[in-house]
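Read the structure below first, then the notes.
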Amino acid sequence: MRDGAPLGRAGLALLLMAAGAGARPRPAGPGDQPRSNVVLVACDSLDGRLTFFPGNQTVDLPSINFMKRHGTVFLNAYTNSPICCPSRAAMWSGLFTHLTESWNNFKGLDPDYVTWMDLMEKHGYCAQKFGKLDFTSGHHSVSNRVEAWTRDVDFLLRQEGRPMVKLTGHRKQFRVMEADWRNTDKAVNWIKEEAVNFTQPFILYLGLNLPHPYPSPYAGENFGSSTFLTSPYWLEKVNFEAIKIPKWSSLSEMHPVDYYSSYTKNCTGEFTKEEVRNIRAFYYAMCAETDAMLGEIISALQDTGLLGKTIIIFTADHGELAMEHRQFYKMSMYEGSSHVPLLVMGPGVRQQQQIPNVVSLVDIYPTMLDIGRIPVPQNLSGYSLTPLLREKAESEVSPRGPRPSWVLSEFHGCNVNSSVYMLRTSKWKYITYSDGSSVPPQLFDLTADPDELTNVAIKFPVTVHSLDKILRSIVNYPKVSSSVKEYNKQQFISWKQSLGHNYSMVIANLRWHQDWLKDQKKYESAIDKWL
């Protein structure tokens, strides 16, 4: 911290010169020069479109802008599963969700899974982690897992509190998400007190909760997180005039899966334009606070003379819809939810570079190994980003051949009543569901329709067929969907049996309690019919 406040734009502007990293060093070869340190800052729920025009006009993000000036920003980076644990499982394993069977927030990687950090540590890196990890199985609330298991049941229940905003503190209060600031402080102190003394390279991970919405206790004991909370200090960083009020389809015109998502997220009621604008503004303010924590890490590297020797990567597990498509949260393939930030700066990384190629979080694993000059396993789903960052020919470093022209994202968790698969190419986004026939697919031309308001699947059947063929060559998605259905049913049966006589009381008092308690017998009967 500088004089009790986050590092400002002026401070960031001086960093690279002071670090002596203004020149662009050539890529290191084995035995040529020491391996770079690496810092990965991964936040939760940051919409990647805020890192470039026009999304970057809505809020002041000086640390992200600094990384853009002195490094590379990816314009089309995506999560491989738009929910916390499965997305992080993909990032830490380098494998698609269906390969690790990370189906929901309760089902992630095994605790002993070998991650890229494990391999870097094995190959001589000093490794340290602070903050949110959330890629192994067994976490999150009972409500969260039961809602995922029962998504095929024939009922419709609100599972979240209505999205709302809350202002806290005063105009000088910048430490709002205190847990994140404490972890940022730990990372800063580790850099200044330990990393500075290392004779070998280090890898540091900082996981942030922000800008994920805060819990909403008013919703009952098993509440969700539907409160967008910030202080006046951060709200002043938002350009209210630039906030776009999203267009909504009528409830009757919504895609059936979108309607289920909107209903379970408690978003089918009436919202005024002012409510929607405030939700988006408070969310952007939370992004500004996140950006300040990134700035503290950059500042610590500068203060210790490590900035010019360290590759910094900034990303998120997924985005935040912030009332686009009549939803908040994630669990959707729409851009607000699936598009993530990805910025890289440091030795050998081209400056002021914008990369349009589609990439995804599974690419982090091979990239980390590439940076550490560690052999990359050939069975990974991801491809190293190093050739794009350094503009080297892909074949120079990847025996697997060129990077695919698509990315895959899939979702199997709560608030969506079907497995969902998304294939993103240069201009098309193809979204299909379940077995590929029982639920209508969606096709969006992101060049002509960046807000994804017009499904053109019926208009372009040849394109749909072509993209579906590619998707089926990557994953047998009808088979995966069937496996997830069976997994959900078996998990629910085991959970129900473990509760014995307490089952009726426990299931009635999960996050959906306000709806469930109106007609307990109806909803229990629906579950019995499903089983």
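The values are calculated or read from the model by the stated rules, or taken from the named source; none is laboratory data. Keep in mind that this is a model prediction, so the values were computed, not measured. Here the Cβ is made from the backbone with ideal geometry for all residues, glycine too, and neighbour counts use every protein chain on show. Heavy atoms of the whole protein, side chains included, go into the accessibility calculation; ligands, DNA and RNA do not. Shrake-Rupley method; radii C 1.70, N 1.55, O 1.52, S 1.80 Å.
Quick rundown of the values:
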read-out	value
Nearest 10 degrees, 0 to 90: helix 9-19 Cα axis against the chain principal axis	50
Highest to lowest packing among 57-65, 251-259, 381-389, 288-296, scored as the average C-beta count within 10 Å	288-296, 381-389, 57-65, 251-259
Charge dipole (debye, nearest 20) of the range 325-458; +1 at Cβ of Lys and Arg, -1 at Cβ of Asp and Glu	300
Point-charge dipole on Cβ atoms (K/R +1, D/E -1) for the range 388-472, about Cα centre, debye to 20	260
Accessible area per residue, Å², the range 412-531 with all protein chains present, probe 1.4 Å	50
Accessible surface, per residue, of the range 125-193 when the full set of protein chains is kept, probe 1.4 Å, Å²	45
Highest average packing first - 170-177, 325-332, Cβ atoms within 10 Å	325-332, 170-177
Contour minus Cα-Cα distance for residue 520 and residue 486 (0.36 nm per residue)	9.8 nm
Distance in nm between pseudo-label sites at residue 493 and residue 114 (7 Å out along the Cβ direction from Cα)	3.6
Where labels lie 7 Å past Cα in the beta-carbon direction, separation of residue 167 and residue 139 in nm	3.4
Farthest positive-ward along the range 29-114 dipole, Cα basis, beta-carbon charges - from 34, 62, 45	62
Share of carbon and sulfur in the accessible heavy-atom surface of the chain [1.4 Å probe, %]	51
Around residue 423: net Lys/Arg minus Asp/Glu count, Cβ-Cβ under 11 Å	+2
Mean residue ellipticity (222 nm) of the chain, computed from DSSP H runs ≥ 4 via -39,500 (n - 2.57), nearest 500	-10500 deg cm²/dmol
Förster radius 60 Å - calculated FRET efficiency between residue 271 and residue 199 (Cβ-Cβ, nearest 0.05)	0.60
Debye, to nearest 20: dipole size of the chain, +1 on Lys, Arg Cβ, -1 on Asp, Glu Cβ	460
Reach of residue 172 by Cα under 29 Å, taken over lysines that are not fewer than 8 positions away in the same chain	68, 132, 186, 192, 237, 244, 273
Cα centroid of the range 422-493 to Cα centroid of the range 242-285, whole Å	23
